[in-house]
Amino acid sequence: MATINDFYPTDDVNDVLDDWIRNLIGSSLRSEYKNSESLSATRVLLDADTPIQRFNCNGADRIAQMPTADAVNNHLYLLVNSTSSGLWTLTVKNNAATEILITLSPNQAVLLLPDGNGGYIAIAPKRETEYKITPTVATNDLTVTLTHADGGTPSTTRPLWFLINNIWRAVTAATYITLLDGTNWANAGSAELGTKEIDWFPMVSWVEASSVVAFGFARLPSGSVGGDFHATNTNEKYAAWAKNNNQAVTVASTDAVQVIGRFAATLSLSGTGHLWTVPTFTNDNLKHAPIYETRELNWTPATSRSVTGYTNLPTLIYANYQIIGRRCKYSTTYTQHATTPGGSGYQTVTLPFQAVQNASGTGFNLSAAYALAIFVNAATLAGLRLFKYDGTAEAVAASTYGAWGEFRT
């Protein structure tokens, strides 16, 4: 271990000059005045230590403690977490070990200046936290890439930082995820949603088992841990995950998740091979910051009756929905067939998401000027049900009617 004494000569004649030289070295950040050390326990700095300290955490999170308070002899330090294997952190504490000045991840550094009264002030470079989400499609496959805001690739020398569960975590490698065509990912290629533009929510997760940041996306913005999502890739609550350059990773049910943006993409119907497309991106359909709601989107509902099906289906005027957190708001309006709608029983309508709890809504027959009873059944995707108050048909031939409300996803 190198100390200041290793860098200045002594002639046993002029001790005053020797002290001056030592003081000059202690205030200099000349590269040769360094000590490189592999830690095995808490390291308490000394005034005799060189100003540049490179500490390898050596397989565990470590603590560096500032030297005993001395308003005369305390000097500046440049502390570097030089750990090259693993993501072990170096926590720098004040001389009494009662206050954390800063926590350094691998390849991070901090300049520590004496305040003239026995304390130290930490001056550290700003963490790079601004990022860019780039969805692209090639040969009908969707790739979503995570980079610095300027397009730079995250690396160990230039990490990209995310605050996950109130702890800063670093992305230190090229990071992207690819979903191939041919699969009904998250039910986005269903009859209700196929060919419709859908909002997807990119996320990061700290994977405790492997100490790595996973990158992924899902249709729902409400997840806070891995267990809030489904593992089956065709389930509407599925979250796709990868680490680094599309490498497989498992996000455990208790691993913390953070939504970091939103982008639009479309998956075609099964009859067309479930092919991916993306629109021309704007500030409306691509967001590079946390957001927890979709735009107002539309779906293609399938309608029927509870006893016998329609002879002639009603004409859809519109069917809009919006996900806000854990809630799905919907609004849909129809016109019954002009002469012979046919069928019997209440009307059923498929939804863009399946409700997890039963819910009521509001409905109205605009042509006949009476209210409809609206019920969302959590047991099925075809959960929207329309009733007339007296149990007869909710709408007769040529009537215009609709339903709106919300339910929990």
Requested in this report: Using the 2.2 N^0.38 Å rule of thumb for compact globular proteins, work out how region 152-249 stacks up: its C-alpha Rg over that value, please.
Outcome: 1.15
Report summary line: In deg cm²/dmol, rounded to the nearest 500, the helical mean residue ellipticity at 222 nm of the chain, built from -39500 (n - 2.57) for every DSSP H run of length 4 or more, is -1000 deg cm²/dmol
Query raised in the report: Which distance in nm do the two modelled labels at ARG408 and ALA302 give, with both placed 7 Å along the Cα-to-Cβ direction?
Result: 2.8 nm
Query raised in the report: Arranged from highest to lowest average of other beta-carbon atoms within 10 Å per residue, in what order do the peptides 273-286, 325-338 appear?
Result: 325-338, 273-286
Query raised in the report: Exposure proxy check: VAL204, VAL92 ranked by fewest other beta carbons within 10 Å?
Result: VAL204, VAL92
**Report entry** Crossing angle, helix 15-26 versus the chain [Cα axis fit, 0-90 degrees, rounded to tens]
**Finding:** 10 degrees
Query raised in the report: When the Kirkwood radius is taken over all Cα pairs of the chain, what Stokes-Einstein diffusion coefficient follows at 4 °C and 1.567 mPa s, in µm²/s?
Result: 51 µm²/s
Query raised in the report: Once you charge only the Cβ atoms, +1 for Lys and Arg and -1 for Asp and Glu, what is the size of the charge dipole of the chain about its Cα centre, to the nearest 20 debye?
Result: 1740 debye
Report summary line: In whole percents, the bins of 5 Å from zero upward hold the Cα-Cα pairs of region 298-408 as 3, 13, 25, 28, 19, 9, 3, 1, 0
Report summary line: Computed about the Cα centre, the charge dipole of region 103-242 from +1 Lys/Arg and -1 Asp/Glu charges at the Cβ has a magnitude in debye, to the nearest 20, of 280 debye
Query raised in the report: Picking from VAL356, ALA397, ALA379, whose Cα lies most toward the positive end of the charge dipole for region 298-408 (charges on Cβ: Lys, Arg +1; Asp, Glu -1)?
Result: VAL356
Query raised in the report: GNM on the chain, C-alpha springs below 10 Å: top fluctuator among THR172, THR340, THR134?
Result: THR340
Report task. Note the full-extension length gain between THR282 and ASP115 as 0.36 nm times their separation in residues minus their Cα-Cα distance, in nm to one decimal. Result -> 55.2 nm
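Every number here is computed from the coordinates shown, using simple stated rules; none is lab data. The structure displayed is predicted, hence computed values, not measured ones. Reconstructed Cβ throughout: ideal geometry from the backbone, glycine too, with neighbour counts over all protein chains shown.
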